[in-house]
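Asker: One structure coming up, written as structure tokens, with questions to follow.
The values are calculated or read from the model by the stated rules, or taken from the named source; none is laboratory data. Just so it is clear, the structure is predicted and the values come from calculations on it, not from any experiment. FYI the Cβ positions are ideal-geometry reconstructions off the backbone, even for glycines, and counts take in every protein chain you see. When the accessible area is computed, the model is the full protein with side chains, heavy atoms only, and any ligands, DNA or RNA have been set aside. Shrake-Rupley method; radii C 1.70, N 1.55, O 1.52, S 1.80 Å.
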Amino acid sequence: MDQHRSHGSSGCNQRSSYKRGGDDGGRNRSDKRFRTIHHQSGSDPVQNPPTSQGLSTRRELYERDFPVYKQPVEVGCFSLDSGRRFFNDSRQMRYYVEPDRNPNFDLRDGYTDRFTKRDDSVKEKLDHILRWIVVNRSKLNSRSTTTSSCGLDVDFVTWRGHLTKLLTTPYETREGWSLAVTRFRDTLYISEVETEAARRERENRTERHEEMMYWGYKFEQYICADSLHSSPDPGGVVNTNEAFCTVVQTRLSDHRLLFSGEVDCRDKDSSASAPPASYVELKTSAEICTPKQRSNFHRFKLLKWWAQSFLPGVPRIVAGFRDHEGTVVSVETFHVSKISHLIKNEYNCWKPTVCMNFCSDFLSFVKCVAVEDNPSVVYLFCWEPRRDVTYTIHRDSHYSFLPHWFVQEMTNSQDSHHQP
Ligand code: A3P
Ligand code: MG
């Protein structure tokens, strides 16, 4: 019970501490961040009270000291095979093989005849992570001995990609997002809901766009070997169902996080540091020929690259720069810890502290709003560029995303040390 009480209120307590103001700048900002807004009434959602709180995404409100972000610790991993089947192991791990600095990789090769594309109209929600949790529960709640032992010892469970979107929100001008949140046994589960705009874009991609999405995966194939002692096989099939995912635990301010993210490959050197320090993120980008292109790369692309890798503690990004025909003309390594220095000379550029403080405040906002502990209740948080974050509440709706098998498994095994 104690744990229940303190979890339910911690976000709100934090919010009132913003109102008191921890520092000079914070005093004024705190009132502005949580705004009284009027929610639009929808046909389906249960309406919020006529006035309730929204969250501002204005950058200047988040320019304070960098929040505590504990070094992420890998607590497990899983693999998805060519048919998207789950395995509680690292069978899909790949190994980094350093390419030439000017490799001339042809990224178009195999697009028409050696490509199996994942069906991205299938929404897997949090299912793979939930599967991992069910199989690995003993790793997560070892500290609890009270009646609340049925819960996990984390405040939030989500995908790394959802957190990446939160980190970049104060700088995003094009794409909004919708995040469904359910509180279950005092853990908040966050699962993305595809926006209408994103669905339209997915269903209307040009052939050129479809092909360019393949290029990133093809680059991975040129660089990754399937085992420690093999070489990359550019003649093989690119199958984007296959994935190796790390599961990490960390803390952002007072939010205990458990999230998973796909990892492209790891260092081959067995004496290299343990994961996630041995992991390598692979990226492609258009080659940079003008100062304007360099500036755009720093301002927009490096923000997304940084956010994605910083979250799970992946230290290195290996980037392939390609021409318009899809040939990789150069390869460069970016050290994640140095990216913020690289961008410092850009005018009006993004700041890591704004990203992390916004994410932290959003999670506090979620803790405050999503108070009913019920697996079929969804708090839907929505954001569009130049607007505040708002939310609606949905009971037993098509937004509910915790599967019955998960709820049942977590309920059945609450006081036993049941291992599925
Ligand atoms: P690049 O980002 O190197 O072009 P990730 O780098 O996150 O592991 O993703 C691997 C590849 O998936 C990307 O490689 C890109 O080809 C494709 N991809 C991922 N997210 C995408 C998105 N939102 N839009 C288009 N392509 C995407
Ligand atoms: Mg990648």
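Asker: How large is the accessible surface of residue 90 in square angstrom, using a 1.4 angstrom probe and rounding to the nearest 10?
Answerer: Estimated to the nearest 10 Å², residue 90 gives 50 Å².
Asker: Per 0.36 nm of contour for each residue apart, how much would the distance between residue 208 and residue 100 grow if the chain were fully extended, relative to their Cα-Cα spacing?
Answerer: Length gained between residue 208 and residue 100: 36.2 nm.
Asker: Can you find, among 358, 342, 402, the residue sitting farthest towards the positive end of the charge dipole of the stretch 286-420, where Lys and Arg contribute +1 and Asp and Glu -1 at Cβ?
Answerer: Final value for the positive-end residue is 342.
Asker: Also, quick follow-up: Using only protein heavy atoms and a 1.4 Å probe, report how much of residue 299 is accessible, in Å² to the nearest 10.
Answerer: Accessible area, nearest 10 Å²: 70 Å².
Asker: Which FRET efficiency, nearest 0.05, do residue 196 and residue 108 yield, Cβ-Cβ r, R0 35 Å?
Answerer: Once rounded, the FRET efficiency stands at 0.65.
Asker: Additional query: Quick one: pull the percentage of alpha-carbon pairs in the stretch 156-285 with a separation above 26 Å.
Answerer: Counting every Cα pair in the stretch 156-285, those more than 26 Å apart make up 39 percent.
Asker: Please report the equivalent ellipsoid semi-axes of the stretch 314-396, computed as sqrt(5 x eigenvalue) of the Cα gyration tensor, largest first, in whole Å.
Answerer: Output for the stretch 314-396: semi-axes of 38, 18, 14 Å.
Asker: For a Förster distance of 41 Å, can you work out the FRET efficiency between the beta-carbons of residue 228 and residue 398, rounded to the nearest 0.05?
Answerer: Efficiency computed from Cβ-Cβ geometry: 0.35.
Asker: Another question, then. Which of the peptides 320-328, 267-275 is most tightly packed, and how do the rest follow, judged by the mean count of other Cβ atoms within 10 Å per residue?
Answerer: Answer by packing, highest mean first, reads 320-328, 267-275.
Asker: Right, here's the next one. Separation between the residue 121 and residue 290 pseudo-spin-labels, each 7 Å from Cα along Cα→Cβ, expressed in nm?
Answerer: It works out to 3.9 nm between the two label points.
Asker: Over the alpha carbons of the stretch 251-366, what is the largest minus smallest coordinate on each principal axis, giving the biggest first in Å?
Answerer: For the stretch 251-366, the Cα extents along the three principal axes come out at 45, 42, 23 Å.
Asker: A further question follows. Expressed in nm², what is the orientationally averaged projection area of the convex hull enclosing the Cα positions of the stretch 143-229?
Answerer: Spelled out: convex hull of the Cα atoms, projected over all directions, averaged, 10.3 nm².
Asker: Ok, one more. With a/c under 1.5 counting as rounded, go ahead and sort the stretch 84-194 into rounded, prolate or oblate using the C-alpha gyration tensor (a ≥ b ≥ c being the square roots of the eigenvalues; past the cut-off, prolate if a/b is larger than b/c, else oblate).
Answerer: Note, shape of the stretch 84-194 comes out prolate.
Asker: Separate question: Quick one: accessible surface of residue 279, probe radius 1.4 Å, all protein chains present, in square angstrom to the nearest 10.
Answerer: 0
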